[in-house]
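**Student:** Have a look at this one before I ask anything.
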Amino acid sequence: MRRRLADMLQAVWGSVAFRLTLNYSLLALLTSLVSLAFIYHQTVRILESQFSRQVEITAQRMSAHFDQGGLPKLVTEITLELADHVNTDTEMFLLLDPAGRPLAGNIAPEAAFSAADGAGMTRTVSLRGRPVHGYLVARKLADGSVLVIGYDLRDLHEITGLIKSVSLAATGVIAILVLLGAYLFRRALQRRVAGIRSTAAQVGAGELTRRVPVHHRQDEFALLTDDINDMLDRIERLMNGVRNVSDAVAHHLRTPLTRILAQLRSAQRTDISHAEMKSRVGQLASQIEDLASVSGKLLQIAEFESGTRRKKFEPVRLDVIARDVVELYEAVAEHEGVELRFAASGPLPWQGDPDLLAGAVANLVDNALKYAGRNAHVRVTAALENGQAALTVADDGPGLPAGKRNRIGERFYRASSDVPGYGLGLATVIAIARLHGARLEFADGGPGFVARLLFPAPAANGLRAAVPSPDIAKS
């Protein structure tokens, strides 16, 4: 039983939530104790001040009676004060003649009274035969007699004792509430953390679709839950991407590798000529270079999708990047018999890698030139659309059926087998767009095909919004 209790206490004390709550609660308790102590001392000071003021007022009043009628008048007033049965248990009076003999009063004379200088004092005196603790003021009158006025501090002690008892009771209640609150907070925190731990264990066991339950209350744990779920979504996408890459590599590279292996084995024959051997080696080298290029592109896509940046992002102009790409492809478009034009509505500032962004736009332009066909028109535009920076590549070629359009961007998918390539260009564009917080959209050009890179509002990227300017066209 003792062992189990020790384990329970150790488990409770080992909780960060319990220790954190207990520390803050103890701080609150200490603050309360300091406040109660301050209130206690201030209350005692106020009561003592009231008692001393009351004694001073009475002493002044009695001195005034002495000034009016001398000792007989003062004796009469003291006698009346003691006979009215009002506060007779707490009021103290004593009148001594110049020789130190008592003339009137209800307390026993003491030698200290004769040497008094009118300052207040706290001491124990005999009041009607019983010792009491009181506050007294002793004044020497004009004829050498001494007037002593005092007040029993019993009421003050009772009030201060009551305050002490209430303070101690409040401290005990606060301490109990501190422990209870720490325990309840620990349980509530454990319930919130339990969902995160359970999800982490399930994800660690391979269930990548698990997510932390979303709480309706928008507190710090809700924000943490959103961040963790976003992280798990990204991990799932990356894992699926790796799985898809592995499957695609196994499926699409197996045939070329098998073909290369067969050609190598056929080249081992001794009956082929030197010229034929040289030709086959050249073909094999070209195929291996193609495989190396595909592998490099797959690694590049994986690098982009992981969020890795080759270099620090810098301020760029999306419209300038698109214009430079169009200028680069002008000769290619002219050779293909395609009219390539560029238009911009104004500067589009952004933060990014200019080389990667130029590569993304170049892939879109290259696809448009390859699939649009001769005598087609390809238009590249850079403009603000609904508060977003948009780089659009549109052609008036044959376009794509809706069924094929849904697969655009998959690795190794090509809309037409007659067009050379490996089906990795648009997958690379999508990865670059995600790296820059953008997205790639496709639409029917009616006729033709439209690809659009959409970047969020420039303010979200920490840059000034684009300022519209006259249309710029380039053929």
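The values are calculated or read from the model by the stated rules, or taken from the named source; none is laboratory data. Computed from a prediction, not measured in an experiment: that's the story for all the values here. Here the Cβ positions follow ideal geometry from the backbone for every residue, glycine too, while neighbour counts run over all protein chains shown.
**Student:** Quick check on Glu48: is it under 19 Å from Thr124 (Cα atoms), acidic (Asp, Glu), buried (at least 17 other Cβ atoms within 10 Å of the Cβ) and in contact (Cβ under 8 Å) with a residue 60 or more places away in the chain?
**Tutor:** Spelling it out, it is not the case that Glu48 is under 19 Å from Thr124 (Cα atoms), acidic (Asp, Glu), buried (at least 17 other Cβ atoms within 10 Å of the Cβ) and in contact (Cβ under 8 Å) with a residue 60 or more places away in the chain.
**Student:** What is the number of the single condition among (1) without any contact (Cβ under 8 Å) to a residue 12 or more places away in the chain; (2) of a type in the set (S, T, N, Q); (3) farther than 30 Å from Leu26 by Cβ that Gln218 does not meet?
**Tutor:** Failed condition: (3).
**Student:** Looking only at the range 366-398, count every residue that is of a type in the set (Asp, Glu) and either buried (at least 18 other Cβ atoms within 10 Å of the Cβ) or without any contact (Cβ under 8 Å) to a residue 24 or more places away in the chain (or both) and tell me the total.
**Tutor:** The qualifying residues number 2.
**Student:** Another question, if that's okay. Regarding the range 108-123, can at least one residue be identified that is touching a Phe, Trp or Tyr at 6+ places or on another chain (Cβ under 7 Å) and surrounded by 19 or more Cβ atoms within 10 Å (Cβ to Cβ)?
**Tutor:** no
**Student:** Here's something else I'd like to know. From the list Gly100, Gly134, pick out the single residue that is surrounded by 13 or more Cβ atoms within 10 Å (Cβ to Cβ), at positive phi and not acidic (Asp, Glu).
**Tutor:** Gly100
**Student:** Can you list the strands (runs of 3 or more DSSP E) found entirely within the range 83-146 that contain at least 1 residues being of a type outside the set (Lys, Arg), at pLDDT below 80 and closer than 26 Å to Leu47 by Cα?
**Tutor:** Numbers: elements: 91-96, 102-105, 120-127, 130-140.
The qualifying strands (runs of 3 or more DSSP E) are 120-127.
**Student:** Working carefully through the options Leu177, Leu189, find the one that is under 31 Å from the mean Cα position of the chain (by Cα) and in the same structural domain as Ser49 (by TED's automatic domain parsing).
**Tutor:** Leu177
**Student:** Given Gly161, Gly206, which one is modelled with pLDDT under 80, surrounded by fewer than 11 Cβ atoms within 10 Å (Cβ to Cβ) and more than 26 Å from the chain's Cα centre (by Cα)?
**Tutor:** On inspection, the qualifying residue turns out to be Gly206.
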